[in-house]
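Asks: Take this structure, written in structure tokens, and hold onto it; I'll ask about it next.
Taken together, the values in this text are just the output of simple stated rules run on the coordinates, not laboratory data. None of these values were measured; they are calculated from a predicted model. Ideal geometry is used to build each Cβ from the backbone, glycine not excepted, and the neighbour counts take in all protein chains shown.
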Amino acid sequence: TRRVTTKDLQEAKRSHHRWAMLTAYDYSTARVFDQAGIPVLLVGDSAANVVYGYDTTVPISIDELLPLVGGVARGAERALVVADLPFGAYEASAEQALASATRFMQRGAQAVKVEGGERISAQVKALTSSGIPVMGHLGVTPQAVNSLSGYRVQGRGDEEAEQMLRDARALEAAGAFAVVLEVVPAALAATITKELGIPTIGIGAGVECDAQVLVWQDMAGLRGGGRPARFVKEYADLNAVLGAAVEAFATEVRAGTYPSSEHSYR
Ligand code: KIV
Ligand code: NA
């Protein structure tokens, strides 16, 4: 089986085939998603939240993300593996972006993702011209939570909408192969999708995007607590499934019914 390429994703846009992206943070889940036919796996800096338990994605470091990329890369045979560059790893300069991205590519990623548009087009250009495919990310960019003042919808109103379209065009012009649109009005996401030659990947950005992405724990109903965002659809209730399995295991251990003779060696 041949690995999915960025070219395959351009071709999917041309032929109006939608596709699904999921986050992954380890070998075991990457294998499941890969075997289910998910063409693109993102080692998101959302690992800050769902793996490390931070409140935001701001504190996660390259060193915390790198081993997760290695696990996902070893688990994904067919999927294109994209690694998020974390906050602080690329904003300063093209040189910084190249140095950071190189570490992720050496761990097995086939592409990197960065947040921002026009203001990081020099970084995107440097990466793509060095052979590193880049996925952009506009709208709610969680690494900027402290200046966005929260995770509210981005791109409402003519001024914000026009800026987002300029940012999207800047990413395409700099060589990006796709762009994530996070919590953006559906009509604006549809316009950007139509204007760009590269695929848009929506998360809370309506059905007109070329692709959709969710954090896998959100998609599968594995929640630490709290209410999921409006855009999340839970396709399973892993909280309940896993919780029940854990309780059953502990109950059998306490009762002395696990392990039975069939789970023992003589
Ligand atoms: O880190 C992440 O999970 C992401 C996706 C939600 C796009 O950036
Ligand atoms: Na991210």
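Asks: Too long at a 21 Å Cα-Cα cut-off: which of LYS7/LYS113; LYS13/LYS233; LYS125/LYS194; LYS7/LYS233? All intermediate terms of the calculation are to be shown ahead of the outcome.
Replies: Working: LYS7/LYS113 17 Å; LYS13/LYS233 24 Å; LYS125/LYS194 23 Å; LYS7/LYS233 29 Å.
The pairs that break the limit, which is 21 Å between Cα atoms, are LYS13/LYS233; LYS125/LYS194; LYS7/LYS233.
Asks: If you don't mind, another one. Hey, how many Å between the Cα centroid of region 1-71 and the Cα centroid of region 77-149?
Replies: Cα centroid to Cα centroid, the span is 14 Å.
Asks: Return the distance in nm (one decimal) between the two label points of a simple spin-label model at GLU118 and GLN106, each offset 7 Å from Cα along Cα→Cβ.
Replies: Label at GLU118, label at GLN106, 3.6 nm between them.
Asks: Output the relative contact order of the chain, whole-number percent, from Cα pairs under 8 angstrom with separation of 6+ residues.
Replies: It rounds to 15 percent for the chain.
Asks: Using the membrane-span-like helix rule (whole DSSP H runs, Cα extent along the own axis of at least 27 Å, mean Kyte-Doolittle hydropathy at least 0.0), which helices of the chain qualify? Spell out each step's value before the answer.
Replies: Details: long enough: none.
Helices passing the filter in the chain: none found.
Asks: On each of the three principal axes of the Cα atoms of the chain, give max minus min coordinate, whole Å, ordered largest first.
Replies: Computed over the Cα atoms, the extents are 68, 38, 37 Å.
Asks: Going highest first, how would you order 27-39, 240-252 by mean Cβ packing within 10 Å? Please list the in-between numbers first.
Replies: On the way: 27-39: 17.3, 240-252: 11.4.
Going from most to least packed, we get 27-39, 240-252.
Asks: Express the C-alpha Rg of region 38-123 as a ratio against the empirical globular expectation 2.2 N^0.38 Å, rounded to two decimals. Don't skip to the end; give the middle numbers.
Replies: Numbers: Rg = 12.5 Å, N = 86, 2.2 N^0.38 = 12.0 Å.
Output field value: 1.04.
Asks: Further question: Using Cα-only point scatterers and the Debye equation, what is log10 of I(q)/I(0) for region 130-204 at each q in 0.26 Å⁻¹, rounded to two decimals?
Replies: These q points yield log10 I(q)/I(0) values of -1.26.
Asks: A further question follows. Test of understanding: extend the Cα→C-beta vector of GLU159 to 7 Å, then name every residue of region 97-135 with backbone N under 19 Å from that spot.
Replies: Counting only backbone N, you get 117-119.
Asks: Right, another one. On a full-extension model of 0.36 nm per residue, what is the gain between GLU195 and GLU252, subtracting their alpha-carbon distance, rounded to one decimal in nm?
Replies: So the chain would gain 14.6 nm between GLU195 and GLU252.
Asks: So how do 15-24, 119-128 stack up, highest first, on mean other-Cβ count within 10 Å? Working shown, then result.
Replies: On the way: 15-24: 18.4, 119-128: 20.4.
Per-residue mean Cβ counts within 10 Å order the peptides as 119-128, 15-24.
Asks: Mind ranking 144-156, 95-107 by how tightly packed they are, going by the mean number of other C-beta atoms within 10 angstrom, highest first? List each step's numbers first, then the result.
Replies: Values: 144-156: 13.7, 95-107: 18.5.
Put in order of decreasing packing, that is 95-107, 144-156.
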